[in-house]
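The values are calculated or read from the model by the stated rules, or taken from the named source; none is laboratory data. From a predicted model like this one, the values you see are computed outputs, not experimental measurements. For neighbour counting, all protein chains shown are included, and Cβ atoms are generated from backbone atoms with ideal geometry for every residue, glycine included. All accessible areas refer to the heavy atoms of the entire protein, side chains included, with ligands and DNA or RNA removed. Shrake-Rupley method; radii C 1.70, N 1.55, O 1.52, S 1.80 Å.
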Amino acid sequence: MVGKPRITVIGAGAFGGWTALFLLRRGAQVVLLDAWGPGNSRSSSGGETRVLRCTYGPNQPYSRMAARATRLWKEHEERWGRQLVHRTGVLWMARAGSDEFERGSLHCLREASVAYEELSVGEITKRWPQINMEGVGWGIYEPEAGCLLARMACQTVLDGFRAEGGEYKQDAVLPSDLERGAKDGLSLADGSKLAADQYVFACGPWMGKLFPDTIGDKIRSTKQDVFFFGTPAGDARFSEENLPAWADHSDPFIYGIPGNQGRGFKIADDSRGYEFDPDLGERFVSMEALKKLREYLGFRFPAMRNAPLLETRVCQYENTPDRHFIIDRHPEEANIWLVGGGSKHGPALGEMIAELVMQGRDPDPLFRLARFGT
Ligand SMILES: Cc1cc2nc3c(=O)[nH]c(=O)nc-3n(C[C@H](O)[C@H](O)[C@H](O)COP(=O)(O)OP(=O)(O)OC[C@H]3O[C@@H](n4cnc5c(N)ncnc54)[C@H](O)[C@@H]3O)c2cc1C
């Protein structure tokens, strides 16, 4: 194994799993670590489903990245013989008169060669009469978008990584003094040390705990409640065959995913919740949020009025102050990479991060820590 760079990736979520896989393919000897396993219920990737879309507003690199991620998911579904993305389409509902985000998205969608339709309220109502379009001005429909089986996807990426020769270890890196580097390796919870030439920390909402000085509250973890409601018996209007994943971009911003492998009609408010500790936070949904979403559900999907609540989830967003990713080297320790603040662009991100790490190149300034003035 002489000559192969030894790289340890910490965190097997959406960011870390794919980064480890692409580093392996670029010729590194890779160890992937995770404290509780890929897509575990504490992690931000640990939900059943996530919306996979390319509509991200004006002047941003995410439409292109999401388009690349969508292609890579497809390639890997074929490669692994497993469906991970349900191509339900995504309907983005814009408010008349405050639709800069959507207007600005169209140019980026075209640039990224993403298939989309601009739909009037009439056209949306014709296609999906089960949606009450009151207050909506128009919509963007991405037919090739949909929802990702998030937890399963993380586990499948790990299987692929191992099948290609990667080493996985379920263990936790102790946060002891990581700010001063890992000269004699990482200290693990099992008492052992793990040494490598380079380290990529992709620990999502834990990044601030592991690097309190360098990251600290530059990645804030917020509580996000998710609800699954029961659809009427035998009523296929709310199945993924007959309704796309959707986003109602008003205030609050509510989104939902039909189907969910029989779990029911998923709905959630995108507004950031209060600060949440991914280790110790108790994962109860708020009754107030439930009441609000029930009212909304009855308004936007009248046939779902009084629908029973079947399941709930509590997860956490990891937000950076400007909502852009963090992809950068540690300011003092050049062989430590810090990546997070994200979303489900996993494969495209992993591909990009692996290239940066293996070629020792600088990341896009948009993702660098220097933008926070540190
Ligand atoms: C409710 C909700 C809905 C969302 N919806 C969408 C959506 O529709 N579309 C979208 O694109 N994105 C969505 N996101 C965001 C997206 O899911 C996350 O941004 C993404 O999953 C983050 O992945 P990650 O790998 O950075 O973090 P994580 O998945 O949290 O992975 C970090 C991993 O690090 C491990 N770890 C932590 N500390 C240690 C340690 N000391 N040692 C070893 N391992 C450690 C953890 O076990 C964990 O597995 C949503 C998020 C939430 C919470």
For this session: Kindly list the number of the only condition in (1) out of contact with any Asp or Glu (no Cβ under 8 Å at 6 or more places or on another chain); (2) surrounded by 13 or more Cβ atoms within 10 Å (Cβ to Cβ); (3) more than 23 Å from GLY47 (Cα to Cα) that fails for CYS154.
Result: (3)
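Mind checking whether some residue in the range 231-252 is under 29 Å from ASP279 (Cβ atoms), crowded, with 19+ Cβ neighbours inside 10 Å and out of contact with any helix residue (DSSP H, G or I) (no Cβ under 8 Å at 6 or more places or on another chain)? Give the steps one after another, and end with the answer.
So in the range 231-252, the residues under 29 Å from ASP279 (Cβ atoms) come out as 252.
Cutting the leftovers down to crowded, with 19+ Cβ neighbours inside 10 Å gives us none.
No, the range 231-252 contains no residue that is under 29 Å from ASP279 (Cβ atoms), crowded, with 19+ Cβ neighbours inside 10 Å and out of contact with any helix residue (DSSP H, G or I) (no Cβ under 8 Å at 6 or more places or on another chain).
Looking at the range 292-314, which of the residues that are within 14 Å of the ligand (Cβ to nearest atom) and open to solvent by less than 20 Å² (accessible area, probe 1.4 Å) is nearest to ASP364 (Cα to Cα)? So that I can check it myself, show each step before the final result.
Taking the range 292-314 as the starting set, the residues that turn out to be within 14 Å of the ligand (Cβ to nearest atom) are 293, 311-314.
Filter again for open to solvent by less than 20 Å² (accessible area, probe 1.4 Å), leaving 293, 314.
Values: LEU293: 38, VAL314: 32 Å.
Across the range 292-314, the extreme among qualifying residues is VAL314.
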Exercise. Restricting attention to the range 65-75, does a residue exist that is within 15 Å of the ligand (Cβ to nearest atom), open to solvent by less than 10 Å² (accessible area, probe 1.4 Å) and at positive phi?
Worked result: no
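Which members of the range 38-60 meet the condition of being surrounded by fewer than 18 Cβ atoms within 10 Å (Cβ to Cβ) and either of a type in the set (D, E, K, R) or farther than 17 Å from ALA268 by Cβ (or both)?
Filtering the range 38-60 for residues surrounded by fewer than 18 Cβ atoms within 10 Å (Cβ to Cβ) gives 40-41, 57-60.
Hits for the range 38-60 are ASN40, GLY57, PRO58, ASN59, GLN60.
Just the residues that are closer than 16 Å to PHE22 by Cβ, without any contact (Cβ under 8 Å) to a residue 60 or more places away in the chain and surrounded by 14 or more Cβ atoms within 10 Å (Cβ to Cβ), please, taken from the range 159-180. Spell out how you get there, then give the answer.
In the first step, residues of the range 159-180 are kept if they are closer than 16 Å to PHE22 by Cβ; the result is 159-168.
Now narrow it down to the ones that are without any contact (Cβ under 8 Å) to a residue 60 or more places away in the chain: 162-163.
Within the range 159-180, ARG162 is the sole residue that qualifies.
Can you confirm whether THR19 is within 15 Å of the ligand (Cβ to nearest atom), outside the structural domain of LEU366 (by TED's automatic domain parsing) and open to solvent by less than 20 Å² (accessible area, probe 1.4 Å)? Give the steps one after another, and end with the answer.
Details: within 15 Å of the ligand (Cβ to nearest atom): yes; outside the structural domain of LEU366 (by TED's automatic domain parsing): no; open to solvent by less than 20 Å² (accessible area, probe 1.4 Å): yes.
No.
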For this session: List every residue pair whose Cβ atoms lie under 6 Å apart, where the two residues are 6 or more positions apart in sequence or sit on different chains, the first residue falls within the range 349-360 and is among the acidic types (Asp, Glu), and the second residue, located anywhere, is crowded, with 20+ Cβ neighbours inside 10 Å and at pLDDT 95 or above.
Result: GLU351/PHE22
Problem set entry | Residue pairs meeting the criteria (Cβ under 9 Å; at least 6 apart or on separate chains; first closer than 13 Å to LEU21 by Cβ, in the range 60-76; second among the charged types (D, E, K, R) and outside any helix (DSSP H, G or I)) | HIS76/ARG82
For this session: All but one of (1) part of a loop (DSSP other than H, G, I, E, B); (2) free of Cβ contacts under 8 Å to residues at least 40 places away in the same chain hold for PRO232, so report the exception by its number.
Result: (2)
For this session: Would you check if there is a residue in the range 266-283 being out of contact with any Phe, Trp or Tyr (no Cβ under 6 Å at 6 or more places or on another chain), within 17 Å of THR214 (Cα to Cα) and in a loop (DSSP other than H, G, I, E, B)?
Result: no
Seminar exercise, completed: Selection from the range 274-288 of residues away from the ligand (no atom under 12 Å from the Cβ), surrounded by 10 or more Cβ atoms within 10 Å (Cβ to Cβ) and hydrophobic (A, V, I, L, M, F, W, C) yields PHE284
Seminar exercise, completed: With criteria (1) within 16 Å of the ligand (Cβ to nearest atom); (2) more than 18 Å from the chain's Cα centre (by Cα); (3) of a type outside the set (A, V, I, L, M, F, W, C), PRO5 comes up short on (1)
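Residue check: is ASP184 of a type outside the set (S, T, N, Q), at pLDDT below 95, under 24 Å from ASN319 (Cα atoms) and open to solvent by 60 Å² or more (accessible area, probe 1.4 Å)? Please lay out each step first, then the result.
Working: of a type outside the set (S, T, N, Q): yes; at pLDDT below 95: yes; under 24 Å from ASN319 (Cα atoms): no; open to solvent by 60 Å² or more (accessible area, probe 1.4 Å): yes.
In short, no.
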Problem set entry | Out of GLY346, GLY341, sole residue that is outside the structural domain of PHE284 (by TED's automatic domain parsing) and on the phi > 0 side of the Ramachandran plot | GLY341
Problem set entry | Residue list for the range 284-336, filter: more than 22 Å from GLY262 (Cα to Cα) and assigned to a helix (DSSP H, G or I) | MET287, GLU288, ALA289, LYS291, LYS292, GLU295, PHE299
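How many residues does the range 253-268 hold that are at positive phi and open to solvent by 50 Å² or more (accessible area, probe 1.4 Å)?
Our first condition is that a residue be at positive phi; within the range 253-268, this holds for 259-262, 264.
Remaining after also requiring open to solvent by 50 Å² or more (accessible area, probe 1.4 Å): 261-262.
The total comes to 2.
Being of a type in the set (Asp, Glu) and either open to solvent by 20 Å² or more (accessible area, probe 1.4 Å) or farther than 17 Å from SER63 by Cα (or both) is the filter here; which residues of the range 99-130 pass it?
Step one: filter the range 99-130 for residues of a type in the set (Asp, Glu), giving 99-100, 102, 111, 117-118, 123.
Listed by number, the residues that qualify are ASP99, GLU100, GLU111, GLU117, GLU118, GLU123.
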